[in-house]
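FYI, it's all coordinate maths here, none of it is from the lab. A quick note: this is a predicted structure, and the numbers were derived from the prediction, not measured. Cβ atoms come from the backbone with ideal geometry, glycine included; neighbour counts cover every protein chain shown.
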């Protein structure tokens, strides 16, 4: 699936390098470097999928996810949590926030591509 993506990570190098790889794979990509910018871009751009780092300034990934899910335009958006922590530690919080999937850092672009390929068409 070629998709419109939003990548949100406060680590500029991580966000930019993942965005570059996703663009090479044929996706359209927007980037946000904090939670507030991610929420604003999600509303303005309405991407097919949002890849949200959990630990970001201004608004963390959990809060961005919750706020997206509260909006009519965000209920069907495919939301992926990216965390440096193990899935067992964060799995419940990720699920409760409304994420569709979780990936552990460092993000493997091939793993992300497989997740995006399995995402329902929205």
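Go ahead and collect, in residue order, the members of the range 93-122 whose backbone nitrogen is under 16 Å from a label point 7 Å along the Cα-Cβ direction of residue 4.
Only 121-122 fall inside the zone, counting backbone N under 16 Å.
Here are some values of semi-axes √(5λ) of the Cα gyration tensor in Å: [x] 31, 15, 13; [y] 26, 15, 12; [z] 18, 16, 15. Which one was computed from this structure?
Among [x] 31, 15, 13; [y] 26, 15, 12; [z] 18, 16, 15, the one calculated here is [z].
Residues in the range 23-58 near a label at residue 119, defined as backbone nitrogen under 12 Å from the 7 Å Cα→Cβ point?
Under cut-off, by backbone N: 27-30, 46-52.
So for each of 11-17, 97-103 I average, over its residues, the number of other beta carbons within 10 Å; can you give me the resulting order with the highest mean first?
Numbers: 11-17: 14.1, 97-103: 19.7.
Answer by packing, highest mean first, reads 97-103, 11-17.
Does the range 1-41 come out rounded, prolate or oblate, given a ≥ b ≥ c as the square roots of the eigenvalues of its C-alpha gyration tensor, rounded meaning a/c under 1.5 and, failing that, prolate meaning a/b above b/c?
oblate
Under the definition of Cα pairs under 8 Å and six or more residues apart, what whole-number percent is the relative contact order of the range 4-118?
Details: 199 pairs, mean separation 26.3, N = 115.
Computed value for the range 4-118: 23 percent relative contact order.
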